[in-house]
Amino acid sequence: MEETKLASGSPMIPQPLPQNTPLREGLARSMSFLIALVLLTSSFGHFQNPPAFYETLLKYNLFPWQISFFIAWVTPWFQVLLALALLGFRSKQGFVFAFCLFLGFVTAQSVALFRGVSADCGCMGPLYPSPLGWRSLIIPIWDPFAP
């Protein structure tokens with residue numbers, strides 16, 4: 001009896017993962033640009049009024065004042081560096097770091113909401129003030145899953 005050969009598209013033979021197609025590359029670039037824009041807007045707002053961001057972190061009551069001060073000082077710079085990474089050649093690593101950053105934002109806001117904290121969400125600084133609420137979670141939840 002002759003041995004039958006499996007077709008190249010058969011599920012029995014592992015197929016190589018598709019290479020980056022122009023469509024996939026374009027989508028990744030578009031999402032990198034969108035997330036970088038959100039990060040740059042947020043960092044610009046925090047650079048405009050660092051004490052307001054620090055006060056928002058204190059109202060969340062998640063960390064001692066020293067750690068809140070450090071977070072308020074470092075976060076805008078990290079957002080700028082992350083936006084540059086997303087716009088540059090490190091977009092894959094940028095997506096990972098953006099996911100971690102947005103996960104931290106979601107966690108902090110969720111804990112504050114469950115505690116009943118009444119404060120500004122602090123998302124965009126004084127540029128676009130908005131109250132802490134379930135609607136303020138849209139930006140950090142949507143952006144890292146967009147690609």
Quiz item: Here are some residues: 56, 41. Which one is hydroxyl-bearing (Ser, Thr, Tyr) and touching a strand residue (DSSP E or B) at 6+ places or on another chain (Cβ under 9 Å)?
Solution: 56
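Condition check: in a helix (DSSP H, G or I), closer than 18 Å to residue 44 by Cβ, touching a helix residue (DSSP H, G or I) at 6+ places or on another chain (Cβ under 7 Å) and in contact (Cβ under 8 Å) with a residue 12 or more places away in the chain. Does residue 108 satisfy that? Before the answer, list the steps.
Values: in a helix (DSSP H, G or I): yes; closer than 18 Å to residue 44 by Cβ: no; touching a helix residue (DSSP H, G or I) at 6+ places or on another chain (Cβ under 7 Å): yes; in contact (Cβ under 8 Å) with a residue 12 or more places away in the chain: yes.
No.
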Quiz prompt | Test: residue 82 is touching a helix residue (DSSP H, G or I) at 6+ places or on another chain (Cβ under 6 Å) and of a type in the set (A, V, I, L, M, F, W, C) | solution = yes
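Every read-out reported here was derived from the displayed coordinates using simple, explicitly stated rules and does not represent laboratory data. As the structure is a computational prediction, the values presented were derived from the model and not from experiment. For neighbour counting, all protein chains shown are included, and Cβ atoms are generated from backbone atoms with ideal geometry for every residue, glycine included.
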